[in-house]
Structure formats: C-alpha cells, structure tokens
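What follows is a set of notes on a single structure, which appears directly below.
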C-alpha cells in the first residue's frame, strides 16, 4: 500500500494505484456494524440497564412476595408451585426491559439519520440492504446475549431470596429454561422489530413513540373495544404474543410455537417495510 | 473518471439538476462551481448513489458507483462534514468505515496521521470544530486510497493553514493521476487549486472549460484611466465595442480597448494622462459574469 503524502509528487507521471486487495463483503459489513454498536456509550448504558432492571425487579418482587406469605403457605408448597413462583418472579422485569431494548433498536438506525452518519454508511455500502441485514443480525445476537444474562441474573436474585424460605427451582427445570429462552427471544426480536420501525420513520422521537405505543398502549386500547374481533385480535398483538412466549398461562389461545410465529410475523413485516423504504429512498 | 449523461434530478415540480452531460478526467483538479441551490451537492450525491437520478445516469470508472466490488477503493467522498455520528470517536468512526471493506488498522492510523488528527482521534466527534470535522471527513474519504475523490466544500471551516493543506493535498493527489472533483463557493480558492472548471447555474452547466479560458473568455480587459480631460477622452473612445464608466471626476474605467490604444489616442489628441492601468480580470469576476442570470437567491437591494 502506498501512502498518500501531502507533498506534491512529480506531476503527471504516476498512475492511480492502490492496494485494492480488499473488497466490500458481508463479513466486513457485519464487523462494521459491531464496531458501531459497541463504540456508542448509549449501547453500554442501555444493556447495563436491562441487566440491572431485570435482576432488581425480581429481587424486589421476591422480597415483597415473601413478606406477604405466611409460614403455612411456604411450608408445604408443591414443587410445581415453587417453579411457577420463581418463573413469575424472574420474568417480572421484562415489562420494563422490553422498553429499553425497543428504544435501543430504534436508535441503532434513527441515530444515523439524526447525525447524518447514514450518508457515510450508505456511501461505504451503496447496495444498502447488507447494512440493514448486518444491523439486524448484530442487534439480535448482542441483545439475545444480554437478555439471557439479565434472566440468569433475575433467576439468581429470585432464588437467593426464596431459598431462605425453602422455595427453590432448578435452573435446568424445563419450565425455567423455556421461560428464559422465551423471554430472551422476545427481547431480541423486539429489538430487531424496533430497528425496522426506526429505519422506516428515520426519526428517534417518532420511532420510539411508535414502538412504545405498540407495546404499552395498543394492547389496552384493543381490550376496551367492545367488539368480538377486537378480543380475537388481542393474542396476535406483538406484546401479547411476546409475553406468552415466557408467561406460564395454560389459558393461552395460542401454542408456544404459534406465539413465536406471530412475533416473527411482526418482525418480518417491519423488516420488509424497512428494506423497501431504505432501498428506494434518497439518503 | 466520472461521466454524467443527461443527469437529471427533480423534486416534485422543482428541477434541481437538469440534464447534465460532463466528464471529470483523471490527473487534474476539476472545480465544481455555482451559486447556492445550483445543484452541486445533489449532483455529487447522485455520483455515489445516495440520491437516485430522475433521468439520465452517472458512472465512475465506467460503472455505476454501487456496482463496484469495492466502492471505497474507487471513490472517496467528502459530501458533508456532518455525516458522522457525534457519539463515536474519530478513530472508531474510521474503523467502522474501514471494516466494511476489510481495510486494516494500519491504514486507519495512516489517514489519521495524514490529516493531523492524532491528538483528537480518541475524542468524540460531537465536540469537534467544523475544521476538525472536515479533516475527519477527508480522512474517511482517503481510507480506500481511491482513484477518484469527491470533495464538497472541503475548505469550509478550515483555518488558513488548513486551507493551504487541502490545496497541497488535492494538487498532489491529482499529480498522482487521480480524478479530483472539488466543489467550492470560494472562487479565489478555485483559481489557486483547480485546473478545469464546471460552472453550474440553476441546475444546468453554464461552462465546462479550463480555468484560464473561463477567466479570459468572460471578462473583457478593463483599463483604468485618470486624466484631467476625462470627458473629452470618453467622447473620443465611445463606440460600439467600447464601454466607458465614470466612477468619479477625472477617472474612467474602460472595457473593450487595450491600454496601448487609449495611450496612443490620448497622445494623438495631446491629452494629458495621469494614470493608465490594466485591471486583471479575476476568476471571481468571470464567475459573477457567468452566473449573473443564474443566481437562485439574489440580493436585489445590493445590485
């Protein structure tokens, strides 16, 4: 590789030459998006918040639950009920951590539009869609890992408190594992869904408003609509299906895998909309 | 080599770029000049595929920019010094850009040194001055050691030392045989840096010629004459090809006739002359003459 120096070279003699040994490739775009995600302070803070909120909420719920129990309740609690209690306690923080990952997902793309970075990004990757795909993959993997950690922390916090009263569940219990996996999947997929929303609206405020409304406001709104179709629609809402991935509720209208398909459907719709708009619009 | 053919961009009813045909050749600095709103930035964005042309096409080294296997090795672009995430350090911004093309850490260090950013490389871009932002933008453009460079207003916000540095850098890159396409609103800067000019007005090419030709072709030579017999001399000079301007008593500015002709004429009629100066035309005057009809936002009161 030749170094460009600012001192004038012999005029007109040299040919343009560069060490063109490297090319644009998807592996490189993935690495680029990984560098981008980890080099922003907001990423670290958001993920730290996910872990602290998950463990902290579980700890608080475990402590308040215990103070409400009489000895007669805890003494002869069946194993199934013990597991159920621990699962409910360890997933209580998801209600808040879902908001954190949703906001982070929006910001991963809207932050590029806010700062103008998107023009640098799309100049480096002019075909554009590899950038969206790489962002989605990196965001999914990192959020999955952090969400898993947060649930392990929440399980540990719950277990430590309940252990004093003789209530326990094994981390290897299928119900515990299924709830951990379900909550982790929901959080990682919600982040990717939000990335798509951020890409479509290109604005942090707008994107955050949409995903928060969808997660918090829309389910309540739909439930109060006095019509059968509204009640039938509830299980198909993103947050309802997502919550049913980890909440132990035998009355669920949908099977576990059906809930997963519903969540994937939301992610797919958001991703497709984002891909079409990103490819077509002027940056 | 950049080639535009019928390149057009419309936003609704407004035509920003209107059927441009031009070629930017390697080995020289091509200046891209025009009043605000003339379509310079839109044209540059279309070259690297950020904006899609409404009609026509533009290619870089024979292919649309997006079709190259290693776009950053083909074209380095500084389109907007603000096109950088403010929360990231300069170093990490360059690393992320480099990673897309598998460009190594060594090259990242090289462009940081080359642009004099060593002391701020680990600082967040949000705290950068406009000049440091420009240097970082130039560093990013040079990452791929590209054969073609697009620089939109690169000296904007730079101090005099920085302006000189950009001028030397751009000249040396062109001397290495690279294609340099440089926009600036500083006409004096263009006169010093560019070899060739493409002048744009209201989305159309007004002129596409070497700098020297632009200056010579668009300003008649002016001659300043100071004489106690100014009015007599003015009457003698008056003619179809000659225009005479009286700025103050005893002072004339004459276009359309050489200084020697005026001197001879005065001698013939025994008129005393106290000053006879040929005023050199500047690129700025040539530019004003060229774009007089194509200025989008005119300040009427001043004219």
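Each value in this text was obtained by applying a stated rule to the coordinates, not by laboratory testing. Because the structure is predicted, anything quoted here is derived from the model rather than measured. Positions of Cβ are backbone-derived with ideal geometry, glycine not excepted, and every protein chain shown enters the neighbour counts.
General remarks:
- Taking 0.36 nm per residue of separation and subtracting the Cα-Cα distance, full extension of the segment from residue B:249 to residue B:14 would add 79.8 nm.
- Among beta bridges from DSSP that stay inside chain B, the antiparallel ones total about 65%.
- The protein assembly as shown: antiparallel DSSP beta bridges as a percent of all, rounded to 5: 65 percent
- Rounded FRET efficiency, nearest 0.05, which uses the C-beta distance separating residue B:226 from residue A:279 and R0 of 56 Å: 0.25
- For chain B, taking the reciprocal of the average inverse distance between every pair of different Cα atoms yields a Kirkwood hydrodynamic radius of 21.7 Å.
- As a proxy for reagent exposure, ranking B:148, B:291 by other Cβ atoms within 10 Å from fewest up yields B:291, B:148.
- Theoretical FRET efficiency, 1/(1+(r/R0)^6), r = Cβ-Cβ of residue A:269 and residue A:114, R0 25 Å, to 0.05: 0.55
- Modelled spin labels at residue B:192 and residue A:170, positioned 7 Å past Cα toward Cβ, are 7.9 nm from each other.
- The stretch A:115-244 shape via C-alpha gyration tensor axes, a/c threshold 1.5: oblate
- Mean separation of Cα pairs under 8 Å and 6 or more residues apart, divided by the residue count, gives the stretch B:193-272 a relative contact order of 26 percent.
- Shape metrics for the stretch B:141-269, restricted to C-alpha atoms - Rg then Dmax, Å: 21.5, 68
- Nearest-0.05 FRET efficiency for residue B:25 and residue B:242, computed from C-beta distance (R0 51 Å): 0.85
- MRE, 222 nm, helices only [DSSP H, n ≥ 4, -39500 (n - 2.57), over chain A, to nearest 500]: -24000 deg cm²/dmol
- Chain A: equivalent-ellipsoid semi-axes (sqrt of 5 x gyration tensor eigenvalues, Cα, Å): 45, 23, 15
- Residue-averaged beta-carbon neighbours from other chains (10 angstrom radius) around B:104-110: 2
- Inter-probe distance in nm under a simple model that places probes 7 Å from Cα toward Cβ, at residue B:123 and residue B:235: 6.9 nm
- The modelled label-to-label distance for the pair residue B:285/residue B:36, using points 7 Å beyond Cα in the direction of Cβ, is 2.7 nm.
- Global geometry of the stretch B:1-136, whether rounded, prolate or oblate, following the gyration tensor of its Cα atoms and the 1.5 cut on a/c: prolate
- Residue mean of other protein chain beta carbons inside 10 Å, B:144-154: 2
- By the count of other C-beta atoms within 10 Å, a proxy for reagent exposure, A:69, B:22 are ordered fewest to most as A:69, B:22.
- Sorting A:186, A:113, A:47 from the fewest to the most surrounding beta carbons within 10 angstrom yields A:113, A:47, A:186.
- Our summary gives chain B a relative contact order of 21 percent, counting only alpha carbon pairs under 8 angstrom and 6 or more residues apart.
- Counting only DSSP beta bridges with both residues in the stretch B:141-248, the antiparallel share comes to about 55 percent.
- Extension gain, residue A:221 to residue A:256: 0.36 nm times the residue separation minus the Cα-Cα distance gives 10.2 nm.
- Averaging 1/r over each pair of different alpha-carbon atoms in the protein assembly as shown and inverting the result gives 28.3 Å, the Kirkwood hydrodynamic radius.
- The stretch between residue B:269 and residue B:109 holds 50.4 nm of extra length on full extension. This uses 0.36 nm per residue minus the Cα-Cα distance.
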